[in-house]
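For reference, the structure is listed below as structure tokens.
The values are calculated or read from the model by the stated rules, or taken from the named source; none is laboratory data. Please read all numbers here as calculations on a predicted model, not as lab measurements. Here the Cβ positions follow ideal geometry from the backbone for every residue, glycine too, while neighbour counts run over all protein chains shown.
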Amino acid sequence: MAGAQIGLSYGPGLVSFVERNPGMVDYVELPFELLRHDPSTAAVQSLAPLILHCASLSIAGFVPPSKGTIDAISLEADRTRTPWIGEHLAFISADPLAQGTSMHEPTTLTYTVCPQLSEQVLDRACENLAGLQSHFSVPLIVENSPQYFKVPGSTMSIVDFTSEFHRRSGAGMLLDLTHLMISSINMQFDPKQELARLPLEYLVEMHLSGLDVQAGTAWDDHAGIADESVFELMACVLARARPRAVTFEYNWSPELPDNILIGQIERTRNMLAHA
Amino acid sequence: MPSKSKINHAPNVHAALAAAMSDPGLLESWRRNPLALRDIRIDEHQIDLTQIRNFVGLVTKVRHNDLRTALPVTFRLIDKAGLSIPLFADYAVKAAALRSHGKPTQGQKIEALAEYLKGWLDMENGVHSLAWDVFRHEYSVLLLRQAKPSTRPQREIGKISPGTVAQRGSLMFHHEMTCRPSDIEAALKDRNCDLKGIPRQRTLYAYFGDEQSGRLRISEIDEATFVILDLADGTRSVGNIASVLRRAGVSVKDRQLCQIVRELVSSGMLVANNREG
């Protein structure tokens, strides 16, 4: 990929949007899990190049993914010719509870969870990344989690945890600006001040989506659009670093009007051009 | 197995979070008895079970994203009103139970959600009643759109007499709304709209398929038609319905009601069965 590209994550309205607006997006970000569940989604590659996104590697977890999952990701990475694989700095699988005899089998969720923010998890995440990277022909880049609640046993902030992870592992950064904003609201920190502490020299890709405040908490909202606060964060990032890709994650609803999405894409293209 | 050696040992914390998130029933049991967390070496003072429950609400909501195509305005409204996280947090146990029988279809998910919403929403609350209005509107439209067009040849409407049993069509829905659903949809086109600005007025609607064209029809109906549709449950004759109306103080003769029922049958809202003998 040459220059900063702009893409959309795969969702119910994606194909028709790309068909209605040829040339508007440079790539489509496709979740590996969707591709595995429904291989027909790969057909979108005829419309635009793909970037593979992933939630199965449990990088910040203690239960490794199965060999079958790793092999399947590797196969799809080669087949889709993705330039990198995006994954979350989170866990998706965990040990069974040591309660009773065998009250629970090992637990695998269908979504990623912010890990305990501690040295123990940081070490483990760096080890996991190094071990997993050897299975793939393209780099793994890692996305900051949104923090919705304090995780017991945590000893550092989400920004310290994320920063240290990139410094120690050398992994590329997938900076989700909305996740950063969500964490800042929920953990009560200044997002711009904390953004200034992130090692943006590792930045590869950015994500933008909506956020929604309900029950006193900010939540990820891929049915909504990124608001001004997220664009302000993007401007702060672009003052210091230049990503290779910016992805709009509007993949929960088919409803987003074209004019709004096109407006945000053009605004971002303009910001990238003048950065 | 996670280590039992330390309080809040990372693998143990992850195990507890994952267990609570995958089993909302377990999470509820911990909320009732937080001391049980000590048995699994988690400090109950450091874990925010309410926030975890809300996070499960987010996850449950995301699992229902496939309903957004069928119920777009409902989702927009409950998101806008800040109801979707509390709703799906409360619904998580039932949603998990539904999934435990295998992956539910879109129809099963909407039906289960409809049943839950009916009890969960506070109809005295202005925003909740808007949500109930728009949900019933979109659900009725969906069911009618999904219905296969009738292959029966169009039946001639026979004589409607006081002995005729009038019954709502199997795909006819009548609802009492607190607003016009189209006003909700129009308002929500502006993401910054104020829900309080949506005009409120009691409005009665019938949703049905036009027998002749097969097209979906939504008609604003009057009070009398609404009551007749309510009473036409297949157990009452037109004469019985007229009696009920008269007892309620409505001045209507059998002959007049026969004419009204004939029009409702003709429009496709009612079907008529003439009893033998």
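Return yes or no: is B:Gln256 touching a helix residue (DSSP H, G or I) at 6+ places or on another chain (Cβ under 9 Å), at pLDDT below 95 and exposed (fewer than 15 other Cβ atoms within 10 Å of the Cβ)? Give the derivation first.
Values: touching a helix residue (DSSP H, G or I) at 6+ places or on another chain (Cβ under 9 Å): yes; at pLDDT below 95: yes; exposed (fewer than 15 other Cβ atoms within 10 Å of the Cβ): yes.
For B:Gln256, the condition - touching a helix residue (DSSP H, G or I) at 6+ places or on another chain (Cβ under 9 Å), at pLDDT below 95 and exposed (fewer than 15 other Cβ atoms within 10 Å of the Cβ) - is met.
Of everything in region A:11-46, what is in a loop (DSSP other than H, G, I, E, B) and surrounded by 15 or more Cβ atoms within 10 Å (Cβ to Cβ)? Give them in sequence order. Show your work before the answer.
Residues of region A:11-46 that are in a loop (DSSP other than H, G, I, E, B), as a first pass: A:11-13, A:21-26, A:38.
A:Gly11, A:Pro12, A:Gly13, A:Met24, A:Val25, A:Asp26 - these are the residues of region A:11-46 that are in a loop (DSSP other than H, G, I, E, B) and surrounded by 15 or more Cβ atoms within 10 Å (Cβ to Cβ).
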Complete set of residues in region A:102-153 that are part of a loop (DSSP other than H, G, I, E, B), in contact with a Pro (Cβ under 9 Å, 6 or more places away or on another chain) and within 13 Å of chain B (Cβ to nearest Cβ): A:Ser102, A:Met103, A:His104, A:Glu105, A:Pro106, A:Cys114, A:Gln116, A:Ser145, A:Val151
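Of the residues that make up region A:169-182, is at least one part of a loop (DSSP other than H, G, I, E, B), surrounded by fewer than 23 Cβ atoms within 10 Å (Cβ to Cβ) and away from chain B (no Cβ under 14 Å)? It would help to see each step written out before you state the result.
The initial filter retains those residues of region A:169-182 that are part of a loop (DSSP other than H, G, I, E, B), namely A:170-171.
When the remaining residues are screened for being surrounded by fewer than 23 Cβ atoms within 10 Å (Cβ to Cβ), the result is A:170.
Subsequent filtering for residues that are away from chain B (no Cβ under 14 Å) retains A:170.
Looking through region A:169-182, at least one residue is part of a loop (DSSP other than H, G, I, E, B), surrounded by fewer than 23 Cβ atoms within 10 Å (Cβ to Cβ) and away from chain B (no Cβ under 14 Å).
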Given (1) at pLDDT 95 or above; (2) surrounded by 21 or more Cβ atoms within 10 Å (Cβ to Cβ), index of the condition A:Cys236 fails: (2)
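Return yes or no: is B:Gly25 more than 11 Å from chain A (Cβ to nearest Cβ) and either assigned to a helix (DSSP H, G or I) or without any contact (Cβ under 8 Å) to a residue 12 or more places away in the chain (or both)? If you could, list the steps in order and put the result at the bottom.
Numbers: more than 11 Å from chain A (Cβ to nearest Cβ): yes; either assigned to a helix (DSSP H, G or I) or without any contact (Cβ under 8 Å) to a residue 12 or more places away in the chain (or both): yes.
Here the answer is yes, as B:Gly25 does meet what is asked.
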Test for B:Leu229: is it under 30 Å from A:Ala226 (Cα atoms) and touching a residue at least 40 places away in the same chain (Cβ under 8 Å): no
Contacts under 9 angstrom Cβ, first residue in region B:83-109 being within 14 Å of chain A (Cβ to nearest Cβ) and farther than 23 Å from B:Asn54 by Cα, partner hydrophobic (A, V, I, L, M, F, W, C) and assigned to a loop (DSSP other than H, G, I, E, B), 6 or more apart: B:Gln106/B:Ala70
Those strands (runs of 3 or more DSSP E) lying entirely in region B:185-276 with at least 1 residues out of contact with any Gly (no Cβ under 6 Å at 6 or more places or on another chain), more than 30 Å from A:Glu255 (Cα to Cα) and within 14 Å of chain A (Cβ to nearest Cβ): none
Residue check for A:Asp160: in contact (Cβ under 8 Å) with a residue 12 or more places away in the chain, assigned to a helix (DSSP H, G or I) and surrounded by fewer than 24 Cβ atoms within 10 Å (Cβ to Cβ): yes
Selected residue [closer than 24 Å to B:Leu231 by Cβ and either in contact with a Cys (Cβ under 8 Å, 6 or more places away or on another chain) or of a type outside the set (D, E, K, R) (or both)] from B:Gly169, B:Gly197: B:Gly169
Residue list for region B:32-75, restricted to those being in contact with a strand residue (DSSP E or B) (Cβ under 9 Å, 6 or more places away or on another chain) and free of Cβ contacts under 8 Å to residues at least 12 places away in the same chain: B:Gln51, B:Val62
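Take A:Val246 and tell me if it is part of a strand (DSSP E or B), more than 14 Å from chain B (Cβ to nearest Cβ), touching a Gly at 6+ places or on another chain (Cβ under 6 Å) and more than 28 Å from B:Gln51 (Cβ to Cβ). Steps first, answer last, please.
Values: part of a strand (DSSP E or B): yes; more than 14 Å from chain B (Cβ to nearest Cβ): yes; touching a Gly at 6+ places or on another chain (Cβ under 6 Å): no; more than 28 Å from B:Gln51 (Cβ to Cβ): yes.
In short, no.
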Residue match in region B:30-41 (condition: facing chain A (nearest Cβ under 7 Å) and either closer than 19 Å to A:Thr107 by Cα or in a helix (DSSP H, G or I) (or both)): yes
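Which of the following residues is buried (at least 22 other Cβ atoms within 10 Å of the Cβ) and at pLDDT 95 or above: A:Met187, A:Met206?
Details: A:Met187 fails: buried (at least 22 other Cβ atoms within 10 Å of the Cβ).
After applying the criteria, what remains is A:Met206.
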